[in-house]
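Q: Take this structure, written in C-alpha cells, and hold onto it; I'll ask about it next.
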Amino acid sequence: MRPRERRETSEQDLFRSRLDQIIDMKHALVKLARAIDWGFLEQTFGAVYTDKPGQPPLPTRLMARLAILKHTYDLSDEALCDRWVENPYFQYFCGEAFFQHALVFDRSSLTRWRQRMGQEKLRALLQESLAVATRTDAMKPSDLACVVIDTTVQPKAVMFPTDAKLLNRARERLVRLTKKLGVSLRQSYARVGKLALIKHQRYAHAHQFKRANRSLRKLKTYLGRVIRDIERRVIGNEDLQEAFIRPLFLARRVLEQERRQRGRKVYSLHAPEVECIGKGKAHRPYEFGVKVSVATTVKHSAGGQFVTHVMGRNHLAHASGDAINAVLAAAGYNFRRLLAWLRLLLLRILIASA
C-alpha cells in the first residue's frame, strides 16, 4: 500500500505553540527545508510502493528527511532518534507542526526504508543535493565541467578473523539455513554455544587465557559437528547440496583459519566478499566543495581536495549496504556543505545590514 503523505498544515492548538513560532526561522535547517524539492523526492521514492492492500508505511517525505539528517550530521540510527526527540529544528525539518515529546517513527523503520529504496532510488537524494546547490548559488553548473576522481577505502564493521563470535556466527547461520530448508539436525548447540561464547569473552577480559582457549575449542567443536552433520544429511540431494555449497565453504574456512595465517581470511559472514580493511581518508580535514561522486574523493575545477563523508566505518549489512552507504554518504556531505553555505549567506546579510 502506498504511504499516506502528510502535508504541512495550518492547524492551531490553543494549548501548544507551533514550531515556527518558537524557533529561529533564519536557521540553516529551516532554509534548507524550504529549498529542497520534496515533491520530486516523494514522486521518486513513492514509485517503489504499490496499491496492494496492507498497512500504509510511514510518509515518504518523513523518511527522506530522516535520511538527510542522519547522514548530514553523521549519526547512527539510535543517535538520530535521541536527537530528534530533543531538537525542535530536526522536528521542523521533518515537517512537524508542533513539538513532539515522543518518536513518531520506529528506529527499525529506517533500516527497512533503506533496504526498500536501494541504491538506485537513493541516488535521488544526491541528485537533489546538487540541484539545491545550484538553486542557492552554492555551485555553478560550470563547476562540474571538470572532475578528478580518486578512489578511497570504505572500512567495514567486521569481526576479527579468528574471533569466537565469528565461529558462533558461522554455526548460527548454518542452523538457521537448515531450519529454512527443513533439514533436521541431531543437535543445534544453540544454548551451549551461546554459553561458551559468553564464557570466552569473560575469561579473555579477565586475562584467564587458558580457560578462554578452552571455551574457544568448544566453539570450534560445535561448529565442526554441525558441518559434518549437514554434510551427512544432504548426501544424495542435489538441491540441498547446491544450497549449502557456499555456507559450508565459508564455515570450513572460519573453522580452519588461524591467527597467524597469511593470505585471505574470512572477516565477516554477512557479505559475500571479504571486505577490505585498511586506512582510508576519513580523518583528513574537510575543504569546501560539492560532492559529485558516490564512493570516491573528488576534486572539482575550483580546486581543493576533500574527503568522502561518513565513510569512517560502514555498519550497513551485506554488499547492498556498501553501495547504499556510499550514496548516502555523498548526499550527506553535500547537504552538510549546503548548511555551511546557508549560514555563510545569513552572516553576510547580517554584516551588510549592520
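Q: Residue 211 to residue 348: extension gain in nm, 0.36 nm per residue of separation minus the Cα-Cα distance? Don't skip to the answer; put the middle values down first.
A: Working: separation 137, 0.36 × 137 = 49.32 nm, distance 6.57 nm.
Residue separation times 0.36 nm, minus the Cα-Cα distance, leaves 42.8 nm.
Q: If you don't mind, another one. Please give the FRET efficiency for residue 340 paired with residue 245, using the beta carbon to beta carbon distance and R0 = 45 Å, rounded to the nearest 0.05. Mind showing how you got there, number by number?
A: Working: r = 51 Å, r/R0 = 1.13.
The calculated FRET efficiency here is 0.30.
Q: Using modelled backbone amide H atoms (1.01 Å from N, in-plane), which distant-in-sequence or interchain residues come within less than 5 Å of residue 156's amide H?
A: 314
Q: Whole-Hz Karplus ³J(HN,Hα) for the stretch 100-109, in order, using 6.51 cos²θ - 1.76 cosθ + 1.60 and θ = phi - 60°, x for Gly and Pro?
A: 9, 8, 9, 5, 9, 8, 9, 4, 5, 5
Q: Now for a separate question. ³J(HN,Hα) across the stretch 78-92 via Karplus (A = 6.51, B = -1.76, C = 1.60, θ = phi - 60°), whole Hz, x for Gly/Pro?
A: Each residue's phi maps through the Karplus curve to give 5, 5, 5, 5, 5, 5, 5, 5, 9, 10, x, 5, 5, 5, 5 Hz.
Q: With θ set to phi - 60°, apply the Karplus curve 6.51 cos²θ - 1.76 cosθ + 1.60 along the stretch 332-340 and write out the HN-Hα couplings as whole Hz, x wherever there is a Gly or Pro.
A: x, 5, 4, 5, 5, 5, 5, 4, 5
Q: Share of the stretch 160-267's accessible area from carbon and sulfur, percent, 1.4 Å?
A: Working: 3470 of 7320 Å².
Here it works out to 47 percent.
Q: Subtracting the Cα-Cα distance from 0.36 nm times the residue separation, let me have the gained length for residue 225 to residue 238 in nm, one decimal. The partial results should precede the final answer.
A: Values: separation 13, 0.36 × 13 = 4.68 nm, distance 2.16 nm.
2.5 nm is the gain from fully extending residue 225 to residue 238.
Q: Let me ask something else about it. Please list, ordered by chain and number, the residues whose modelled amide H lies under 5 Å from the amide H of residue 268; skip anything fewer than 5 residues away on the same chain.
A: 275
Q: Modelled label-to-label distance, residue 109 and residue 320, 7 Å Cα→beta-carbon offset: nm?
A: Those two pseudo-labels are separated by 2.0 nm.
Q: Between residue 165 and residue 198, what is the label-point separation in nm under the 7 Å Cα-to-beta-carbon projection?
A: Placing both labels 7 Å along Cα→Cβ, they lie 1.7 nm apart.
Q: Right, here's the next one. Pairs 70/194; 220/265; 156/218: which are spaced more than 26 Å apart, C-alpha to C-alpha?
A: Working: 70/194 34 Å; 220/265 17 Å; 156/218 28 Å.
70/194; 156/218, as the Cα separations exceed 26 Å there.
Q: Relative contact order (percent) for the stretch 57-119, with alpha-carbon contacts under 8 angstrom and 6 or more residues of separation? Numbers along the way, then the final one.
A: Details: 33 pairs, mean separation 21.8, N = 63.
The value is 35 percent.
The values are calculated or read from the model by the stated rules, or taken from the named source; none is laboratory data. The shown structure was predicted, so the numbers you read here are calculated from the model rather than taken from an experiment. When we count neighbours, we look across all protein chains shown, and the Cβ atoms used for this are built from the backbone with ideal geometry, even at glycine. Side chains are part of the model used for accessible areas, which takes the heavy atoms of the whole protein and leaves out ligands, DNA and RNA. Shrake-Rupley method; radii C 1.70, N 1.55, O 1.52, S 1.80 Å.
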